[in-house]
Amino acid sequence: METRPLGDTGHDSTVMTFGAIALNWLEQEGADQMVELVLDAGVNHFDVAPTYGDAELKLGPKLRQHREEIFLGCKTQERTVDAARAKLDRSLDRLGVDTIDLYQVHGLEYEEELDTITAEGGALEAFRDAKAEGLVDNIGLTSHADPDLILDAVDRIDDLDTLMLPMNPVVAGKDGDEYDYEAVLERANEEGIGTLGIKAFAGGSWPPTDELAQEDRPYCNWYRPVDTYEEVRERFDFAASSGLTSVINAGDPKLVAMILDAARNYEGMDDAARRSLVERLRHDDSPVPEQLHH
Amino acid sequence: MDLDADADGDEEGDGSTTDVPRTVTAALADRPVEGRVCLEAGAGIGNTSAGLLAAGADRVYAVTNDRGHAETVRDRVGPAAAGDARANAAGGRAADDRLAVVEADLRSVPLDADAVGLVTAHGLFNVVPPASLDRIAAELTRVAAPGAHLVVDDYDPLPDDAAVRDLFAVENAATELATGSPALTFYPAAVLARLFAGYGWTVDRERTLLDPVPWTGRHVSAHAAKARGAASSLRPELGDPLAAEADRLAAAVGEESAGRMYSVALRLPEEHG
């Protein structure tokens with residue numbers, strides 16, 4: 001599988017990153033098989049979080065068996081120094097490892113949170129202490145909030161090594177700064193910050209719960225994922241050709257093998273084909289009158 | 001579509017404004033739009049006008065001979081749409097006072113000679129029958145100032161195995177019979193480049209906007225509707241089978257990605273001949 005430098009971290013990540021949230025919906029035996037499947041496909045970058053049910057625990061055995069083959073990302077939603085450190089220790093314990101290669105501020109949504117984590121007593125203090133102690137190698141941030149907020153975070157966190165952000169052809173087709181994750185990507189690439197893409201496989205929202213109850217949804221994702229090979233492949237190709245370092249799979253384990261296959265067969269996507277996908281989805285979704293042209 | 005269900009829930013626009021299509025932004029990306037007076041020839045629903053305004057055009061004349069399109073452009077890109085993200089993106093200038101929707105035939109545009117610094121024809125010429133090409137090229141050249149730019153975006157002829165060809169053929173048959181002109185003609189990029197070369201334009205560059213071209217279910221049904229509309233003005237024994245065939249083909253095709261959309265950029269010399 002193709003690898004690319006993860007910003008200036010010195011690590012070359014595969015073009016697909018394994019989102020280990022998928023393990024949460026498997027029993028231990030299935031989780032072990034899933035990790036082997038992902039490693040067999042050549043994936044070398046894993047991402048997990050303490051909020052993904054018991055994914056950390058289920059990842060543990062195979063992670064420890066293959067620790068040298070895996071660049072491990074983890075994250076915390078805690079925003080203050082003590083809470084973040086406690087969560088880091090807990091993750092190290094649950095995963096059963098001594099170090100985490102990339103520790104990320106998880107799900108930044110509001111400016112006030114950015115104020116908190118960057119201030120004295122904020123979570124980043126715990127990240128930096130852990131780095132000094134050798135528990136953590138790199139510092140990252142994940143967000144699907146306003147691109148301006150992410151850009152602000154890039155400005156304010158000097159030692160930021162990676163960003164995790166949405167990259168989706170439906171969103172890419174929309175104007176307005178609130179959809180402009182490409183500006184974030186551009187900036188990250190200028191600054192040598194590695195980038196990990198989420199939401200690549202989002203196909204739309206679920207029907208309202210009075211039409212389709214949450215427990216009747218066929219996938220665990222909070223969005224409706226694309227689920228044919230053709231769609232999965234073009235979504236993967238779009239995200240992987242957008243300037244991202246690596247693309248994270250949809251969280252549902254039923255989709256992982258298909259996404260691995262798309263990643264293994266990735267051969268790039270040129271601008272005309274990228275626009276073709278954006279246009280097709282834009283017209284599918286368009287609220288404006290029927291059009292004859294593009 | 002709301003992909004952000006757990007965030008602010010603000011993904012949806014109000015449906016009245018336009019996102020500038022990537023085809024338009026890609027075609028305009030290397031053109032000097034900022035500060036220019038522009039003309040969108042065949043304004044459709046105003047996508048290119050929106051792109052020109054977003055790219056900082058000083059003034060945009062959106063020219064269309066279709067009353068419905070003129071109203072749509074006013075609604076989507078004009079005053080009703082002012083204050084949206086696009087106007088903000090254009091440096092805070094309100095979109096409305098820079099846009100003039102002009103209802104006119106492109107063979108006779110009510111603008112002075114040399115009035116315009118950049119002309120776009122985005123998806124225009126495929127709906128222009130061969131007999132009208134020359135007069136439109138002459139008129140667009142007349143209103144273009146010395147040194148003006150022209151962007152012609154259109155479709156290559158479809159490959160032989162494209163299923164939508166049959167639908168377009170039925171659409172053309174019905175409109176030929178009803179009006180004497182085809183609905184659609186796909187001119188190769190080189191043909192339109194040579195047409196304008198005859199009026200003093202030189203080609204700056206050509207690029208591919210879409211490959212393949214996604215003819216979505218919405219496009220396919222819109223073309224079928226156009227064929228049905230033309231067929232309905234024919235004698236029933238002629239029109240009914242054409243309408244039925246258009247519907248059958250639209251259902252059979254569903255959607256298809258086929259062909260290429262190109263962008264040819266041209267330029268007039270600084271001084272006319």
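Scan the range B:250-261 and tell me whether some residue there is within 14 Å of another protein chain (Cβ to nearest Cβ), within 30 Å of B:Pro146 (Cα to Cα) and either without any contact (Cβ under 8 Å) to a residue 24 or more places away in the chain or surrounded by 20 or more Cβ atoms within 10 Å (Cβ to Cβ) (or both). Full working, then the answer.
Taking the range B:250-261 and keeping what is within 14 Å of another protein chain (Cβ to nearest Cβ), we get B:250, B:254-261.
Next, only the ones that are within 30 Å of B:Pro146 (Cα to Cα) stay: B:261.
After this cut, where a residue has to be either without any contact (Cβ under 8 Å) to a residue 24 or more places away in the chain or surrounded by 20 or more Cβ atoms within 10 Å (Cβ to Cβ) (or both) as well, the list is B:261.
Yes, that holds for at least one residue.
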Could you go through the range A:225-240 and let me know if any residue there is within 21 Å of B:Thr208 (Cα to Cα), out of contact with any helix residue (DSSP H, G or I) (no Cβ under 8 Å at 6 or more places or on another chain) and not in a helix (DSSP H, G or I). no
The one condition in (1) in contact (Cβ under 8 Å) with a residue 60 or more places away in the chain; (2) more than 26 Å from A:Glu279 (Cβ to Cβ) that B:Thr179 fails to fulfil: (1)
Residue by residue through the range A:151-175, note down the ones that are under 14 Å from A:His106 (Cα atoms) and within 14 Å of another protein chain (Cβ to nearest Cβ). A:Leu165, A:Pro166
So in the range A:117-146, with the set limited to residues that are modelled with pLDDT under 95 and not hydrophobic (A, V, I, L, M, F, W, C), which one is nearest to the chain's Cα centre (by Cα)? A:His144
Answer yes or no: is there a residue in the range B:193-203 that is away from chain A (no Cβ under 13 Å), crowded, with 20+ Cβ neighbours inside 10 Å, closer than 15 Å to A:Leu292 by Cβ and in contact (Cβ under 8 Å) with a residue 12 or more places away in the chain. no
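Matching residues to (1) surrounded by 18 or more Cβ atoms within 10 Å (Cβ to Cβ); (2) closer than 30 Å to B:Ala113 by Cβ:
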| position | (1), (2) |
| --- | --- |
| B:Val164 | yes, no |
| B:Glu176 | no, no |
| B:Tyr187 | yes, yes |
| B:Ala224 | yes, no |
Here are B:Asp134, B:Asp156, B:Asp114, B:Asp105: which of them is of a type outside the set (Ser, Thr, Tyr), under 17 Å from the mean Cα position of the chain (by Cα) and closer than 18 Å to B:Val63 by Cβ? B:Asp105
Can you say whether A:Asp210 is part of a loop (DSSP other than H, G, I, E, B), farther than 20 Å from A:Leu37 by Cβ and charged (D, E, K, R), as far as the supplied structure shows? yes
Within the range B:151-164, is there a residue that is more than 14 Å from every other protein chain (Cβ to nearest Cβ), assigned to a strand (DSSP E or B) and under 18 Å from B:Gly42 (Cβ atoms)? yes
Residue in the range A:113-136 that is part of a helix (DSSP H, G or I) and within 14 Å of chain B (Cβ to nearest Cβ) present: yes
Every listed condition ((1) within 30 Å of B:Val143 (Cβ to Cβ); (2) of a type outside the set (Ser, Thr, Tyr); (3) surrounded by 16 or more Cβ atoms within 10 Å (Cβ to Cβ)) holds for B:Asp211 save (1)
Which numbered condition in (1) more than 14 Å from chain A (Cβ to nearest Cβ); (2) in contact with a Pro (Cβ under 9 Å, 6 or more places away or on another chain) is the only one that B:Glu171 fails? (1)
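Output the helices (runs of 4 or more DSSP H) that fall wholly within the range B:180-259 and possess 2 or more residues being touching a strand residue (DSSP E or B) at 6+ places or on another chain (Cβ under 6 Å), or say none. Before you say what the answer is, go through the steps one by one.
Details: elements: B:189-197, B:217-231, B:236-253.
The qualifying helices (runs of 4 or more DSSP H) are B:189-197.
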Within the range A:33-56, can one find any residue that is touching a strand residue (DSSP E or B) at 6+ places or on another chain (Cβ under 9 Å) and surrounded by fewer than 16 Cβ atoms within 10 Å (Cβ to Cβ)? yes
Looking only at the range B:38-55, how many residues end up being assigned to a helix (DSSP H, G or I), in contact with a Lys or Arg (Cβ under 7 Å, 6 or more places away or on another chain) and either among the aromatic types (Phe, Trp, Tyr) or within 11 Å of another protein chain (Cβ to nearest Cβ) (or both)? 2
Give the residue, chosen from A:Leu292, A:Leu281, that is modelled with pLDDT under 95, within 12 Å of chain B (Cβ to nearest Cβ), on the phi < 0 side of the Ramachandran plot and part of a helix (DSSP H, G or I). A:Leu281
Looking at this structure, is B:Thr17 crowded, with 22+ Cβ neighbours inside 10 Å, modelled with pLDDT of 95 or more, under 30 Å from B:Ile136 (Cα atoms) and β-branched (Val, Ile, Thr)? no
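The values are calculated or read from the model by the stated rules, or taken from the named source; none is laboratory data. All of these numbers come straight from a predicted model, not from anything done at the bench. Heads up, the Cβs are rebuilt from the backbone with ideal geometry, glycines too, and the neighbour counts pull from every protein chain shown.
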